[in-house]
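The values are calculated or read from the model by the stated rules, or taken from the named source; none is laboratory data. Not measured: the values here are computed from a predicted model. Positions of Cβ are backbone-derived with ideal geometry, glycine not excepted, and every protein chain shown enters the neighbour counts. Please note that ligands, DNA and RNA were not included when accessible areas were found on the heavy atoms of the full protein model with its side chains. Shrake-Rupley method; radii C 1.70, N 1.55, O 1.52, S 1.80 Å.
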Amino acid sequence: MTPLIAITDLAIDYPNGIESVRALDGTSLAIGEGEAVALVGESGSGKSTLALALAGGLPASARRVGGDATWRGRSLFSMSADDRRAFRRAELGFVAQDPHGALDPTMRVGRQLLHVLERAPDRKNAEMLFEQHFARVGLRDPQRIARSYPHELSGGMAQRVGIALALANRPALLIADEPTAALDATLRQQILTLIRQLCRETGASLLLITHDLEAAETYVDRIAVMLRGRVVEDGAAARVFHRPTHDYTRSLLAS
Ligand code: ADP
């Protein structure tokens, strides 16, 4: 079966004066339909570059110097800019590290939801949508939440709103880039549990970027370990966690 996403030997450079940084150096990774995969590795290993490459969000200076990434068999790099935008809107959802940073500070979050849904419904319809999308991420009193500006929400609430927005259009893949880095420990579990549960319910695949191997083992099916722009270990979550084969994975576990 064709995986949802297949990244093959992808190499990406950030030119930087005379030298350039090779952020991805032959990365390969596949994600199946409905599969939850964690990408772990220390800072600078290329995790965000990989996520940006999938999303078509690399800075203009970044250059693909090799390899490919396909979506249901179709190369992302051969799509026109319009197709790429349409693909991104229809198929991808993002949960960011900083829950407040991902929201528009000048707009009530209810309006932001309607915006994502490309709906300008009448009041009754809007209330129904708020109920549906905010309640399912565990927010109580969805109508009050909808009237709030992001700064009026706590970090955990803002991240729940972020998840509601990311999943509003039922993406086929949710990319969550360190979604709990800004939250305290008890909230971390709740948010990761919520993300996993909603992906299961909607059938979305999940790419969870994290440096926390323990969280990865609990919340995903597979763990891919990245080191200097390459996936050096990739396997069932429990196997990678309990019986890592690569020295680097062992050192991550020890740290
Ligand atoms: P991670 O997400 O694992 O921390 P990144 O993908 O952010 O890793 O970074 C991989 C490498 O690419 C690092 O050496 C980083 O400094 C470099 N890099 C990332 N973004 C840029 C950029 N916009 N310009 C230049 N170098 C970058």
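What's the total number of residues in region 150-188 that are β-branched (Val, Ile, Thr) and touching a residue at least 60 places away in the same chain (Cβ under 8 Å)?
Initially, region 150-188 is screened for residues β-branched (Val, Ile, Thr), giving 161, 163, 175, 180, 186.
Okay, now just the ones that are also touching a residue at least 60 places away in the same chain (Cβ under 8 Å), so 161, 163, 175.
Qualifying residue count for the region: 3.
The condition (being within 16 Å of the ligand (Cβ to nearest atom), closer than 28 Å to residue 180 by Cα and assigned to a loop (DSSP other than H, G, I, E, B)) is satisfied by just one residue among 43, 48: 43.
Of the numbered criteria (1) under 16 Å from the mean Cα position of the chain (by Cα); (2) in a strand (DSSP E or B); (3) farther than 14 Å from residue 229 by Cα; (4) within 16 Å of the ligand (Cβ to nearest atom), the one residue 93 fails is (4).
Of everything in region 153-168, what is part of a helix (DSSP H, G or I) and either open to solvent by less than 30 Å² (accessible area, probe 1.4 Å) or closer than 10 Å to residue 191 by Cβ (or both)? Give them in sequence order. Within region 153-168, 155, 156, 158, 159, 160, 161, 162, 163, 164, 165, 166, 167 qualify. Exactly one residue out of 37, 65 is surrounded by fewer than 21 Cβ atoms within 10 Å (Cβ to Cβ), in a strand (DSSP E or B) and touching a strand residue (DSSP E or B) at 6+ places or on another chain (Cβ under 9 Å): that is 65.
Looking only at region 45-61, decide whether some residue is basic (Lys, Arg), surrounded by fewer than 14 Cβ atoms within 10 Å (Cβ to Cβ) and within 21 Å of the chain's Cα centre (by Cα).
The answer is no, given that none of the residues of region 45-61 is basic (Lys, Arg), surrounded by fewer than 14 Cβ atoms within 10 Å (Cβ to Cβ) and within 21 Å of the chain's Cα centre (by Cα).
Here residue 33 meets each of (1) farther than 14 Å from residue 234 by Cβ; (2) without any contact (Cβ under 8 Å) to a residue 40 or more places away in the chain with one exception, condition (2).
For region 14-29, the set of residues classified as at pLDDT 90 or above and either near the ligand (Cβ under 9 Å from one of its atoms) or buried (at least 18 other Cβ atoms within 10 Å of the Cβ) (or both) consists of 14, 15, 20, 21, 22, 23, 24, 25, 27, 29, listed by residue number. The residue pairs whose first member lies in region 132-149 and is within 22 Å of residue 106 (Cβ to Cβ), whose second member is β-branched (Val, Ile, Thr) and outside any helix (DSSP H, G or I), and whose beta carbons are closer than 9 Å, counting only pairs six or more residues apart or on different chains, are 149/106.
Residue 208 satisfies every condition listed in (1) buried (at least 22 other Cβ atoms within 10 Å of the Cβ); (2) over 11 Å from the mean Cα position of the chain (by Cα) except (2). The residue of region 178-237 that is nearest to the ligand (Cβ to nearest atom), among those that are in a strand (DSSP E or B) and farther than 24 Å from residue 250 by Cβ, is 206. Among all residues of region 111-129, there is none that is buried (at least 18 other Cβ atoms within 10 Å of the Cβ), under 15 Å from residue 167 (Cα atoms) and touching a Gly at 6+ places or on another chain (Cβ under 8 Å).
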